[in-house]
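Everything on this sheet refers to the single structure shown next.
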Amino acid sequence: MCGIAGFLLREGHAGLAPVKAMCDCIRHRGPDEEGFYVGGGCALGMRRLSIIDLSTGRQPIACEDGSVRVVFNGEIYNFRELRSGLAARGHSFRTHTDTETLVHLYEERGAGMLESLRGMFAFAIWDSRERRLFIARDRFGKKPLYYAERPEGLYFGSEIKCLRAAGVPLEIDEEALRLYFQFNYIPDPFSAFSAIRKLPPGSWLSYSQDGNLRIERYWKPPATTAAATPDLRPDTLRARLLETFDDAVRARMIADVPLGAFLSGGIDSSAVVASMALQSPEPVRTFSIGFEEAAFNELHWAAAVARKYHTDHHEIVVRPDSIELVGRLVRHFDEPFADSSAIPTLIVSEFAAQHVKVALSGDGGDELFAGYTRFADVLRMNRFDLIPRPIRRLLAWTAERLPYSAYGKNYLRMLSRDSGFARYLEFSFAPYFMRRRLLEPHWMLPADGAYLGRILAGYEPEKTGDVLSEVMRFETAINLPSDMLVKVDRMSMAASLEVRCPLLDQEVAEIAALIPYCWNIRNGKCKQFFVDAVAPRLPSELLNRPKMGFGVPLADWFRGELKPLLWDHLTGERFTHRGIVSREFLLHLLNEHEARRRDNSSWLWALLMLELWFRDIEGGAAPA
């Protein structure tokens, strides 16, 4: 696991100082060592967190004649099988690391190498013969990769701060901020800066020294279906799923350093720990956190799993310094990011990092196996399509004229939407009704949802005619890499901890796509097929427990220790003069939240993160 950075200049010679500066600002991603290559117009750099082949795995790594060099962030879980095949075909290896397989695979297959890789990765290969950079990102986007094409050449890095260190211009991308107001994050391929883009998951980029840039998508998440094929038997598929899942867990337990697992007490992390315990001769190290507030404490459920499998269990109840944490989040995300579950993710990562360098997690289960309650809501709301369109237009007219007090208390706005996917966007993310009241018109996206097809072309869900299939594809292709995996990567890397996600294995995903969602969503309950598959391994009390989000008592913090920070930043002239929000409505949200008439913490958190980000890029001090 590492952080990588570099550039290719169209003219002139690269220097060491710029690429070193790019890597210095991501030291947290790889505190163990650094490595650089500078030749001609190309510079490659890396910061390494040593996990496999601790003594000889230093990067950049080159092929036998030095014509192909790689810097790599991630893990290739099938590298031993790949290495054996490459050695049999005459390639020579100088290390025992997974990184070295990449240069030899590239020599043989070019971009076709990506089909062979099983793992999480972002890497850059300098092909000196072709004078070309080849950059790739893993299928689900577990590892980040940012790039900027400039007149003088191409820059890339694991985090935006690498490109800032290289002097890439920081002009704000207003379209990206409009997307932030919709989703509470900025989806791929956008970033908060016009000059900087994210390489989308499952994609590769080629940049030649003559300035020719090419981007291709090599993989997309497989689509789910509504109905089972006649030859599909549930028992057979469950057995195949468990076998593949266990294999994915086993592959991710390979490390030359101490390894453990996050254990939240939910189905997914518990299933991962159970699989690890069944395959490990030693007790699995498990890590759980809880908060003083009972509504945010899952330690009871986690302890049940730990007892069943006799894990080496570590747990803490925390009352974190919320002000200090807020400032750290802004600096690590580099752009507006409003998923407040980043806070417990950072805390549990730092807790685990005191004992291990690698932790397995249950991320991805809800996306692949229809675990979110909003998936069941999508199916229920399909009935709205039976309402004639003229009536829905009347409902839309009525909904637009409802007072703010009716927000969240009726379904008229859902009924009025023309498609099930538009309804999903309305109730799953920031509703148009609220954005229209809060934001100034310039910062609003269109109400009809057609913008997704325009600005996320190639990355939005394919139109299949089946709403839930489209929603699940969106969750996996956009929401997962742009929100969940960004959160996990930045917070774990802030603690210099590698996190591996067995459920986000492409072979597990391919089996998940075979499961008709009517098997996963039954009687309004979600993820039932996966639950049935792992049920014999889990304590019975976990199977019917209510689903809890991985969150923090933000609503209370905004009425307590975070209140001064919140009010000072959101009511000050510096923020209100930006012309983004209606000051009158913002004050209404603040006062309403303070009086406990409504929980507005998610809206207020998103605006606070935005303002702190503005101050960071403007040179103002974020909370220490």
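The values are calculated or read from the model by the stated rules, or taken from the named source; none is laboratory data. Computed from a prediction, not measured in an experiment: that's the story for all the values here. Note: ideal-geometry Cβ built from the backbone for every residue, glycine included; neighbour counts use all protein chains shown.
Annotations for the structure displayed:
- So Gly35, is it touching a strand residue (DSSP E or B) at 6+ places or on another chain (Cβ under 8 Å) and not assigned by TED's automatic domain parsing to the domain that holds Val358: yes
- With respect to being touching a residue at least 24 places away in the same chain (Cβ under 8 Å) and basic (Lys, Arg), Arg69 fits the description.
- A single member of Val38, Val70 is touching a helix residue (DSSP H, G or I) at 6+ places or on another chain (Cβ under 8 Å), surrounded by fewer than 20 Cβ atoms within 10 Å (Cβ to Cβ), among the aliphatic types (A, V, I, L, M) and not in a loop (DSSP other than H, G, I, E, B), and it is Val38.
- A Cβ distance below 6 Å, combined with a sequence gap of six or more or placement on separate chains, defines the contacts here; from the stretch 269-288, residues that are assigned to a helix (DSSP H, G or I) reach residues that are among the basic types (Lys, Arg) and at pLDDT 95 or above in the pairs Ala274/Arg537; Gln279/Arg250.
- Filtered residue count, the stretch 333-358, keeping only those that are in contact with a helix residue (DSSP H, G or I) (Cβ under 7 Å, 6 or more places away or on another chain) and surrounded by 18 or more Cβ atoms within 10 Å (Cβ to Cβ): 13
- Scanning the stretch 112-137 for residues that are of a type in the set (D, E, K, R) and more than 25 Å from Val38 (Cα to Cα) yields Glu115, Arg118.
- Near pairs, Cβ below 6 angstrom, 6+ apart or cross-chain, from the stretch 470-496 (more than 20 Å from Lys161 (Cα to Cα)) to any residue that is of a type in the set (A, V, I, L, M, F, W, C): Glu470/Phe421; Val471/Val378; Arg473/Ala223
- In summary, Met493 fulfils each of the numbered conditions (1) modelled with pLDDT of 90 or more; (2) touching a helix residue (DSSP H, G or I) at 6+ places or on another chain (Cβ under 6 Å); (3) not in a helix (DSSP H, G or I) with the single exception of condition (3).
- Identity of the residue in the stretch 499-548, among the charged types (D, E, K, R) and under 22 Å from the mean Cα position of the chain (by Cα), that ends up farthest from Asp377 (Cα to Cα): Arg500
- Asp246 in a helix (DSSP H, G or I) and without any contact (Cβ under 8 Å) to a residue 60 or more places away in the chain: yes
- For the stretch 594-601, the count of residues that are of a type in the set (A, V, I, L, M) and surrounded by fewer than 18 Cβ atoms within 10 Å (Cβ to Cβ) is at least one.
- Condition met for Leu587 (at pLDDT 95 or above, buried (at least 21 other Cβ atoms within 10 Å of the Cβ) and on the phi < 0 side of the Ramachandran plot): no
- A single entry from Thr236, Thr229 fulfils the requirement of being part of a loop (DSSP other than H, G, I, E, B) and surrounded by fewer than 17 Cβ atoms within 10 Å (Cβ to Cβ): Thr229.
- Selection count, the stretch 97-118, where residues are crowded, with 21+ Cβ neighbours inside 10 Å and either in a strand (DSSP E or B) or more than 22 Å from the chain's Cα centre (by Cα) (or both): 11
- Meets criteria (assigned to a helix (DSSP H, G or I), in contact (Cβ under 8 Å) with a residue 24 or more places away in the chain and hydroxyl-bearing (Ser, Thr, Tyr)) for Ser264: no
- Among the candidates Phe333, Phe291, Phe337, residue that is at pLDDT below 95 and of a type in the set (Phe, Trp, Tyr): Phe291
- Residue within the stretch 31-54 that is touching a His at 6+ places or on another chain (Cβ under 7 Å) and more than 25 Å from Lys357 (Cα to Cα) present: yes
- Pair list, Cβ < 7 Å and 6+ apart or interchain, from the stretch 570-597 residues that are more than 15 Å from Trp443 (Cα to Cα) to residues that are among the small types (Gly, Ala, Ser): His593/Ser601
- Residue within the stretch 592-601 that is polar (S, T, N, Q), modelled with pLDDT of 90 or more and out of contact with any Lys or Arg (no Cβ under 8 Å at 6 or more places or on another chain) present: yes
- Residue within the stretch 217-224 that is within 30 Å of Arg132 (Cβ to Cβ), modelled with pLDDT under 90 and buried (at least 19 other Cβ atoms within 10 Å of the Cβ) present: yes
- Arg537 at pLDDT 90 or above and not hydroxyl-bearing (Ser, Thr, Tyr): yes
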